[in-house]
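Laboratory data are not the source of any read-out in this text; all were calculated from the coordinates shown. This structure is a prediction, so every number in the text was calculated from the model and none was measured. Quick reminder, even Gly has a Cβ in these numbers, built from the backbone with ideal geometry, and neighbours come from all protein chains shown.
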Amino acid sequence: MTDTIGTGQPGQDAFPPVAELSYEQARDELIETVKILELGQMGLDESLKYWERGEALAKACEAHLDGASKRVEEALRKNDEQEEAEVEVEVEEA
C-alpha cells in the first residue's frame with residue numbers, strides 16, 4: 001500500500017517529522033487531517049494512520065501553545081517585578 005500522507009511522497013518519509021513543524025504548520029496540517037478523516041473515504045489502516053498523525057499534531061500544537069503561555073507569563077512576571085522596583089525607588093525618593 002502506498003502511503004501519501006503529508007508530503008504526497010510514498011513510504012515512511014511521507015510524514016514530515018512533527019517536531020520540525022511550527023505551530024502554524026502543525027495546526028494547518030491538523031485541520032487538513034480532520035477534514036480528510038471526516039470524508040470517511042479511506043480504509044481502516046489508512047484512517048488509523050491519519051488519526052495517529054492527528055493525535056501527534058494535536059500534542060505538538062498543545063506543546064507550542066504551552067510554551068507560548070509560559071513565555072507570556074514570564075514576561076508579565078518580569079514586568080511586574082520591574083514596576084514594583086520602580087515604585088520602591090519612587091517611594092524612597094519621596
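Below are the figures for this structure:
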item: Rg ratio (alpha-carbon, reference 2.2 N^0.38 Å) - the stretch 12-66; result: 1.11
item: Charge context of L30, other residues only, Cβ under 13 angstrom, K/R +1, D/E -1; result: -4
